[in-house]
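See structure below.
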Amino acid sequence: MKLQKNTQLALYSVLEFAARPAEHVPAGEVAASFGVSVHHLAKVLSELARAGIVEAVRGVGGGYRFAANPRRLTLLDVIALFEDPSGDGSRPGAAASAAERALRDVWDEIDQITRATLGSITIATMLRMMGRAAPAGAAAAPARPPGP
């Protein structure tokens, strides 16, 4: 599954904020760590805020903070804000060959497995996988996207 840049940025941002739940993290800091413009990141963060996943805090010491329940929020929940996780929607027509129909069935099954997997992985699970399940009040190092 290939995710759009905004989707990847949303996932990285959510993990960043969730790893630092007691902090208000400035958008500029997150943008710099991911190598994107603050303007680009603001669009993603705005969508996450509308969904109640992050909360914007204005003023001195402001920024964004994680506002969702990390034990309930899944990777699929975040992805679904930016992409249609139901697959590409292309179905072979009645005139499709047997090979086309068989391959489409395989791709559909792969899509279903992918959705089920992403829907079963919570942000809390990701934090544990990252070794970042910091105790309450403890600061953690920022999450970094994989290199090029």
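Please treat every number below as a calculation from the coordinates, not as lab data. In this text the structure is predicted, and so the values were computed from the model without any measurement. Note that we place each Cβ from the backbone using ideal geometry, even for glycine, and neighbour counts take in every protein chain shown.
What is the gain in length, in nm to one decimal, between Met1 and Arg128 on full extension, counting 0.36 nm per residue of separation less the C-alpha to C-alpha distance?
On the way: separation 127, 0.36 × 127 = 45.72 nm, distance 2.30 nm.
Answer, rounded to one decimal: 43.4 nm.
A Förster radius of 22 Å combined with the Cβ-Cβ distance from Ser86 to Ala51 puts the calculated FRET efficiency at roughly 0.75. Summing Lys and Arg as +1 and Asp and Glu as -1 over all other residues whose Cβ lies under 14 Å from the Cβ of Ile53 gives a net charge of 0.
Which ordering of His39, His24 is given by a fewest-first count of other beta-carbon atoms within 10 Å?
Details: His39 9, His24 16.
Final ranking by Cβ density, sparse to dense: His39, His24.
What is the log10 of I(q)/I(0) for the range 5-129, computed with the Debye formula using one identical point scatterer on each Cα and no solvent, at q = 0.15, 0.21 Å⁻¹? Taking Cα atoms of the range 5-129 as identical point scatterers yields -0.72, -1.14. Would you please name the trypsin sites (Lys or Arg not before Pro) within the range 1-103 that are DSSP coil residues with at most 10 other C-beta atoms within 10 Å of their C-beta? In loop regions of the range 1-103 (DSSP not H, G, I, E or B), the sparsely surrounded trypsin sites (Lys or Arg not before Pro) are Lys2, Arg58, Arg71, Arg72.
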